[in-house]
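The values are calculated or read from the model by the stated rules, or taken from the named source; none is laboratory data. Just so it is clear, the structure is predicted and the values come from calculations on it, not from any experiment. Methodologically, a virtual Cβ is constructed for each residue, glycine included, from the backbone with ideal geometry; neighbour enumeration extends over all protein chains shown. Areas reflect the complete protein model, heavy atoms only, side chains present, ligands, DNA and RNA absent. Shrake-Rupley method; radii C 1.70, N 1.55, O 1.52, S 1.80 Å.
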Amino acid sequence: MILVQHADDQPLDALVVGAGFAGLYALHKLRAQGLSVRVVEAAPELGGTWYHNRYPGARCDVESVDYSYSFSDELQQEWNWTEKYATQAEILRYLNWVVDRLDLRRDITFNTRAVSAQLDGSTLRSLAHELAPHNVRVNCIHPTNVDTPMIQNDAVSSAFRPDLNRPPTRAEFAEAARGMNLLAVPWIDPVDVANAALFLASDEARYITAATLPIDAGATGR
């Protein structure tokens with residue numbers, strides 16, 4: 001088992017970043033397996049995209065019933081959507097209802113960002129050896145400087161441009177961030193990270209195990 005250290009120094013089996021649809025489901029699923037789990041969320045409340053996107057008319061573009069969790073018949077039967085295409089406000093109410101219904105809130109820490117993570121290479125190799133007889137592969141992707149709010153915020157961008165007396169624009173930040181990478185790009189697109197994960201999970205990578213794949217435009221190679 002890989003142990004994750006949280007800010008309160010309590011070892012965890014898993015740390016989930018983000019309290020949106022996927023993060024909340026991960027919390028529920030992992031906790032049901034008897035694992036100790038903590039979700040950290042940068043916002044003051046849950047919802048992920050549906051907390052932040054509050055522009056006029058924001059709503060889902062698929063039917064509401066298809067936008068709800070399908071792992072529980074009880075949840076699907078107990079919640080009644082008021083519109084065919086739910087608004088942002090109703091989706092947020094739905095998520096809060098699910099969290100309270102499943103008692104998830106006690107394992108969520110708000111106003112908290114994940115600022116770093118470090119892989120124990122010996123643990124990766126140990127797991128790969130342990131699971132290889134079962135034909136299970138163990139790999140890790142190591143993304144750096146991904147174009148998400150984790151780096152796209154005033155605190156991080158200002159650290160790259162101390163010459164400015166204000167938070168830099170995205171273009172000004174990008175100019176400085178390019179200096180971190182071997183390749184002439186400022187940061188990594190999240191889609192590239194997802195594609196790497198899909199590759200490692202695919203049959204094309206069936207003979208790859210105990211490997212760490214950096215996705216960092218050469219940052220660790222400087």
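Once the Cα-Cα distance is subtracted from the 0.36 nm per residue extended length, the LEU75 to HIS142 segment shows a gain of 20.5 nm. So, R0 is 41 Å and r is the distance between the beta-carbons of ILE208 and ARG105; what FRET efficiency does that work out to, to 0.05? Efficiency computed from Cβ-Cβ geometry: 0.60. The list [x] 41, 21, 14; [y] 31, 27, 18; [z] 53, 17, 14 gives values of semi-axes √(5λ) of the Cα gyration tensor in Å, and only one came from this structure; which label was calculated from it? Entry [y].
Roughly what would the spin-label model give for LEU119 and ARG54, points 7 Å off Cα along C-beta, in nm? So the two model labels end up 3.9 nm from each other. In the frame of its principal axes, region 140-222 has Cα extents of 51, 24, 18 Å, reported largest first.
Protein heavy-atom surface of the chain, 1.4 angstrom probe: 53% of the accessible area is carbon and sulfur, with nucleic acids and ligands not counted.
Annotation: extensible slack from ALA89 through VAL65 equals 7.1 nm (criterion: 0.36 nm per residue apart, minus Cα-Cα distance).
Extension gain for LYS29-LEU198 works out to 58.8 nm (0.36 nm per residue, less the C-alpha to C-alpha distance).
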